[in-house]
């Protein structure tokens, strides 16, 4: 009988990816990623720094959103989280919609900074809570930003990981393929295969995503939750101490 | 000693209805992101005037304000990095208009919009933007160019985007004075969008007694009247959105909007109750 929730396990998995990862910036509407980065900052002091965008009280980008892009352009941000309404097996991201552009029957909010960020930040972690054939597709309908680019395209790095509500994958940029790294209990490998629209590599033995250790959970339910609440009060309430 | 205030002409203040009276069909209207100060009362006044065919420029991502203008039929074209209602998702009227094909879409990306406005304020013809290569944006933005970096090695390519100079920029700020100066704190996006725009219209939460430029602490965060065409006093003028350091978003009201705006009928009800029949008393 373990004592952690699904959300805490996912946040723990994100924090583990951010061990001594440098400066991590979190875009808007990203409470889980913010919690993971703030937890990593608490667990790896000096090694991981979390900059949570759109924080009314202590916004690390007080001059405007362009400040974030300027810092990214100069290479001052080491890690960024991106997502997509659709993500495909080559890590292409679609933030625009489903169906033929422009009159898309299902429209997402828009590209935001993704076409720039994906090429300019050395390490990108993808996070998408919904793990289904609707979100993880064979081929995106619109490429907001490409998972891999030819060698002559200036790019500092690219995607390294994908975390979902069911599993964690790593991404091999040379092969342009995901590999299943761990499955969040109680989900199974079969469950992950059935709900993933793209092909991916998987080792014979796929471990379960570990629960966050007890001291991580204490941080997450205490000081980290309070920091998350500065930007995401409603989300933070769901992380309340139990 | 001559007071600076005494030698600069007074802009005076206008009523909110008069402030938006100069926004005409076909104009490119720039609006800021929520955190920078959305002029929501002025937006409702604009909708009541029945203006149409605006070319809306989101700087660079907007939410309920853009969605409301689109739903009310004021907008012919949208250029944006995104239209998203915080934590709820893509604007429901934006989605409906895309589905119905009633909008000309100029999807962009946030850093390209910032760079194009900064080129606009400098009077430069274009800005060079990194990234974007490999994005379908390049299939659809026939006004953008991919060129070799003239200072780089032969293989290095960069995206050029034309400068943007909006016809009018509309926002809400904490303070304005009777000389037409507006206090924008440290929001550089408001400054460079105003610099790039032909006209800038501002509603203000409070009137500053005196000249903002005479107070050293205020002057650093002040957009000078040079860049401001008119100011109107509109207390709680960003409602139901936030005015940073003053009030937070009325999340219940925004959620109510997002729920109603999912259907044509619901949106019509919202528009009637909260915009068309909700004209506030004229304020001087």
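Computed from the coordinates by the stated procedures, all read-outs in this text should not be read as laboratory data. Values in this document were obtained by computation on a predicted structure and should not be read as measured data. Note that we place each Cβ from the backbone using ideal geometry, even for glycine, and neighbour counts take in every protein chain shown.
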Taking a ≥ b ≥ c as the square roots of the eigenvalues of the Cα gyration tensor of the range B:86-204, is the shape rounded (a/c under 1.5), prolate (a/b larger than b/c) or oblate?
-> oblate
For peptide B:110-118, how many partner chain Cβ atoms fall within 10 Å of a residue's Cβ, on average?
-> 6
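To two decimal places, what compactness ratio does the range B:131-264 give when its Cα radius of gyration is scaled by 2.2 N^0.38 Å? Intermediate values should be presented prior to the final figure.
On the way: Rg = 20.2 Å, N = 134, 2.2 N^0.38 = 14.1 Å.
Dividing the Cα radius of gyration by 2.2 N^0.38 Å gives 1.42.
Please list the equivalent ellipsoid semi-axes of chain A, computed as the square roots of five times the alpha-carbon gyration tensor eigenvalues, in descending order and whole angstrom.
Numbers: eigenvalues 135, 109, 58 Å².
Equivalent ellipsoid of chain A: 26, 23, 17 Å, largest first.
With 10 angstrom as the radius, rank A:8, A:67 by how many other C-beta atoms surround their C-beta, starting from the fewest. Provide the component values of the computation, followed by the final result.
Working: A:8 21, A:67 18.
In order of increasing Cβ crowding within 10 Å: A:67, A:8.
So for A:106, B:168, fewest C-beta neighbours within 10 Å to most, what's the order?
Details: A:106 16, B:168 21.
With the sparsest Cβ surroundings first, the list reads A:106, B:168.
Using only atoms on other chains, find how many Cβ atoms lie within 10 Å of each Cβ of peptide B:123-134 and report the average.
Details: counts 0, 0, 0, 0, 0, 0, 4, 9, 17, 9, 10, 14.
Mean shielding count: 5.
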Inter-site label distance for residue B:99 and residue B:278 at 7 Å from Cα along Cβ, in nm | 2.4 nm
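Express as a percent, rounded to the nearest 5, the fraction of DSSP beta bridges in chain B (both residues included) that run antiparallel.
Values: 15 of 45 bridges.
Of those bridges, close to 35 percent are antiparallel.
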Could you calculate the FRET efficiency of residue A:188 with residue B:214 from 1/(1 + (r/R0)^6), where r is the beta carbon distance between them and R0 is 56 Å, rounded to 0.05?
-> 0.20
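Report the antiparallel proportion of the DSSP beta bridges in the protein assembly as shown as a percent, rounded to a multiple of 5.
Working: 29 of 80 bridges.
Here the share of antiparallel DSSP bridges comes out near 35 percent.
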Rounded to the nearest 500 deg cm²/dmol, what is the calculated helix-only ellipticity per residue at 222 nm for chain A, with -39500 (n - 2.57) per DSSP H run of length n ≥ 4?
-> -8000 deg cm²/dmol
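If a/c stays under 1.5 just call it rounded; otherwise compare a/b with b/c (prolate if a/b is bigger, oblate if not). Do that for chain B, with a ≥ b ≥ c from the square roots of the Cα gyration tensor eigenvalues. Working shown, then result.
Values: a/c = 2.00, a/b = 1.12, b/c = 1.79.
Taking the square roots of the gyration eigenvalues as a ≥ b ≥ c, chain B is oblate.
Taking square-rooted eigenvalues a ≥ b ≥ c of the alpha carbon gyration tensor, is the range A:5-67 rounded, prolate or oblate, where a/c under 1.5 means rounded and, failing that, a/b exceeding b/c means prolate?
Details: a/c = 2.49, a/b = 1.48, b/c = 1.68.
Oblate.
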Going by how many other Cβ atoms sit within 10 Å of their own, how do B:62, B:74 line up, fewest first?
-> B:74, B:62
So if we plug the beta-carbon distance of residue A:179 and residue A:237 into 1/(1 + (r/R0)^6) with R0 = 30 Å, what FRET efficiency do we get, rounded to 0.05?
-> 0.25
Averaged over B:86-92, how many beta carbons belonging to a partner chain fall within 10 Å of each residue's beta carbon?
-> 4
Distance from the range A:134-194 to the range B:104-122 (C-alpha centre basis), Å = 30 Å
So how much slack lies between residue A:44 and residue A:139, counting 0.36 nm per residue of separation and subtracting their Cα-Cα distance, in nm?
-> 30.5 nm
With a Cα-only, solvent-free Debye model of the protein assembly as shown, what are the log10 I(q)/I(0) values at q = 0.06, 0.13 Å⁻¹?
-> -0.29, -1.32
